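Just so you know, all these numbers are worked out from the coordinates, no wet-lab data involved. Here the structure is a predicted model, which is why all the values come from computation and not from measurement. As a convention, Cβ positions derive from the backbone with ideal geometry for all residues, glycine included, and neighbour counts pool all protein chains shown.
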Amino acid sequence: MTTTTDSPRAVDVAGSDEIPERGRLVVEIGNTTLGIFRFRGELRAYENVCAHQGGPACQGRIVQRVREKLDASRRSQGLVFDEDSMHVVCPWHGFEYEVATGRHPGRPDYALRSFPVEESGGRIRVTV
Ligand code: FES
């Protein structure tokens, strides 16, 4: 997708309706590729560069976190999807990132580079 710059740094990247809840849009701004996500109404923008070995993390599969359900005795009742999470999985080696934070859930030191994103008047803008 080619974008236009409407100020020196804030770049109009899409209409609001192009990123629905739990949706994603990957855009190129100059030499930078960004993944923009919407989760619980909030937008997040991350550089499409995995903290592991540089893979296109933002283009990976979107999944919910898997949790183990325990009973009162802490015995496993099986695995369940966590409706309160949204992860993106890097397609190269499977590193997962929480969309809300951009961090790997088990290794918070692995994180995607984030960019400010705002929405107004039905348009989404990212500051790069
Ligand atoms: S480059 Fe993303 S998991 Fe390895």
Can you tell me what the convex hull of the Cα atoms of the stretch 4-127 projects to on average, as an area in nm²? 8.8
Using the beta-carbon distance between D12 and R75 and R0 = 41 Å, what value does 1/(1 + (r/R0)^6) give for FRET efficiency, to the nearest 0.05? 0.20
Compute the FRET efficiency between W92 and R67 as 1/(1 + (r/R0)^6), taking r as their Cβ-Cβ distance and R0 = 22 Å, and round to the nearest 0.05. 0.35
